[in-house]
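The values are calculated or read from the model by the stated rules, or taken from the named source; none is laboratory data. What you see is a predicted model, and the numbers here were worked out from it, not measured in a lab. Counting neighbours? That spans all protein chains shown, and the Cβs are built from the backbone with ideal geometry, glycine included. With ligands, DNA and RNA removed, areas are computed over all heavy atoms of the protein, side chains included. Shrake-Rupley method; radii C 1.70, N 1.55, O 1.52, S 1.80 Å.
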Amino acid sequence: MKDVKKNIYAGTPEAGSAYADSVAAYKSAIAQAPTVPVDSSSSNLDQQTFTAGVYVWTTQITLPKSGVMTIKGSASDVFIFQAPSLNFSAGSTDNIGYRGASASNVFFVTTGSQFLGYGGAFFGMFLAQGDIFLSAAAFSQGGLYTQGSFIGVRAYHQLSDGSCPPIVASTSQFVSACTHLALGAKCSTYLLCDTAGAFTVVAMTGISTVPTSNITGNIGISPAAMTYLTGFALASAGPGTPSSSAQVSGMAFAPETTNSKSPQAVLDMQNAYTLQMVDGGGAGRRRNPHAYWSKVILTGGLTSNSIYWAGATSLTTGVASQFSGIILTYTNVVIGTGGSLNGSIYTQTEVALDKAMVLPPTVC
């Protein structure tokens with residue numbers, strides 16, 4: 001977290017208070033009735049000029065690459081833009097131009113997620129019930145308040161006078177060059193701190209074991225069903241309940257499990273994989289189209305929750321291998337006979353374990 005210029009609060013009274021205030025602010029803003037009519041057939045804000053008032057769209061609002069919207073008014077005027085979601089794409093110039101208005105009085109409020117694209121410059125207060133994604137090389141001047149996750153990829157966030165605006169979120173998945181991060185829930189690292197962080201192994205098409213493997217934590221599969229967890233000798237208390245196995249210290253979850261978290265864990269995994277691949281593989285992250293490993297030893301104080309192995313295809317470890325880190329792959333993962341992993345596995349296809357041991361890092 002060397003790029004964080006001020007303070008990080010996680011699971012503290014300050015974080016809890018900030019989060020509660022942000023939720024209250026969101027509820028107040030989203031409840032405002034429209035005062036200025038909008039063209040419901042056009043939610044593209046490019047080349048539009050807005051004066052003070054409340055604007056409400058029923059579809060996602062967008063700002064295309066190099067697009068510019070103009071906000072015109074006095075420093076005391078208030079602007080509220082409501083929409084289901086927001087997608088402001090990349091741009092080489094300031095995407096939101098102010099003509100006398102103050103960025104601290106401009107609110108972008110969404111019931112869903114907000115995406116601020118690569119290289120863009122975005123000004124205002126962003127409040128989302130869903131996630132906020134601040135993409136690589138993006139610049140945000142103002143506050144970011146989300147009831148979901150804040151996701152930042154080598155982005156920059158501050159006020160023009162150098163002071164520190166808040167980022168308030170329930171969890172954070174990746175933070176770089178950001179200030180005043182307050183998390184309503186305690187999280188000890190910057191990736192996979194959502195539902196996926198509650199699982200040691202997550203896969204989409206199958207998880208198999210040659211007994212006896214030993215997995216500490218939960219395993220989850222989606223969209224494939226529980227029957228695609230093979231070799232575990234699963235036991236269930238009845239329909240809709242998670243299954244247990246002598247080889248898993250936690251529980252096994254699938255889409256048919258009542259209130260199952262495995263579908264959301266898969267979405268978190270896919271998002272994390274995209275972040276790692278888009279980010280380009282910076283320090284602490286390694287990418288390979290295919291990898292075969294026999295031993296990974298961490299020195300110098302490194303821990304497995306700070307190492308990410310992201311690959312577009314498969315990853316295989318050898319017989320009796322020792323491996324550390326969080327694995328994110330697009331295709332299959334194979335832990336060789338008698339191998340051990342100090343980390344977690346997240347794959348968009350299948351995982352194969354052969355008398356393997358998987359001990360997760362402390363992620364959230």
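Before moving on, here are some points about what is shown:
- Selection of the stretch 262-282 for residues being at pLDDT 80 or above and either buried (at least 20 other Cβ atoms within 10 Å of the Cβ) or acidic (Asp, Glu) (or both) yields Ser262, Ala265, Val266, Met269.
- Restricting attention to the stretch 329-342 and to residues that are of a type in the set (Gly, Ala, Ser) and surrounded by fewer than 24 Cβ atoms within 10 Å (Cβ to Cβ), the residue that is nearest to Met357 (Cα to Cα) turns out to be Ser340.
- Here Leu192 passes the criteria (1) on the phi > 0 side of the Ramachandran plot; (2) at pLDDT below 95; (3) open to solvent by 50 Å² or more (accessible area, probe 1.4 Å) except the one numbered (3).
- Condition check for Thr35: modelled with pLDDT of 90 or more, touching a Pro at 6+ places or on another chain (Cβ under 9 Å) and in a loop (DSSP other than H, G, I, E, B): no
- Options Ile151, Ile71; residue that is in a strand (DSSP E or B), open to solvent by less than 10 Å² (accessible area, probe 1.4 Å), at pLDDT below 85 and aliphatic (A, V, I, L, M): Ile151
- Candidates are the residues of the stretch 313-328 that are among the polar types (S, T, N, Q) and surrounded by fewer than 19 Cβ atoms within 10 Å (Cβ to Cβ); the one that is farthest from Val358 (Cα to Cα) is Thr313.
- Taken over the stretch 253-268, the residue count meeting the criterion of being touching a helix residue (DSSP H, G or I) at 6+ places or on another chain (Cβ under 9 Å), among the β-branched types (Val, Ile, Thr) and more than 13 Å from Val201 (Cα to Cα) is 1.
Table: residues versus (1) under 25 Å from the mean Cα position of the chain (by Cα); (2) surrounded by 18 or more Cβ atoms within 10 Å (Cβ to Cβ); (3) at pLDDT below 90.
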residue	(1), (2), (3)
Asp3	yes, no, yes
Lys27	yes, no, no
Thr59	yes, no, no
Asp77	no, no, no
Thr93	no, no, yes
Gly97	no, no, yes
Gly112	yes, no, yes
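- Pairs linking a residue in the stretch 331-360 that is closer than 14 Å to Gly206 by Cβ and without any contact (Cβ under 8 Å) to a residue 60 or more places away in the chain to a residue that is small (Gly, Ala, Ser) and in a strand (DSSP E or B), with Cβ atoms under 6 Å and 6 or more positions apart or on different chains, are Val334/Ala352.
- Pairs where the first residue, in the stretch 114-128, is more than 12 Å from Ala29 (Cβ to Cβ) and of a type in the set (Phe, Trp, Tyr) and the second is open to solvent by 10 Å² or more (accessible area, probe 1.4 Å) and modelled with pLDDT of 75 or more, C-beta under 6 Å, 6+ apart: Phe115/Asn87; Phe115/Phe133; Phe123/Ala103
- Within the stretch 204-230, the residues that satisfy the criterion of being touching a residue at least 60 places away in the same chain (Cβ under 8 Å) and in contact with a Leu (Cβ under 9 Å, 6 or more places away or on another chain) are Gly206, Ile207, Ser208, Thr209, Val210, Ser213, Asn214, Ile215, Thr216, Gly217.
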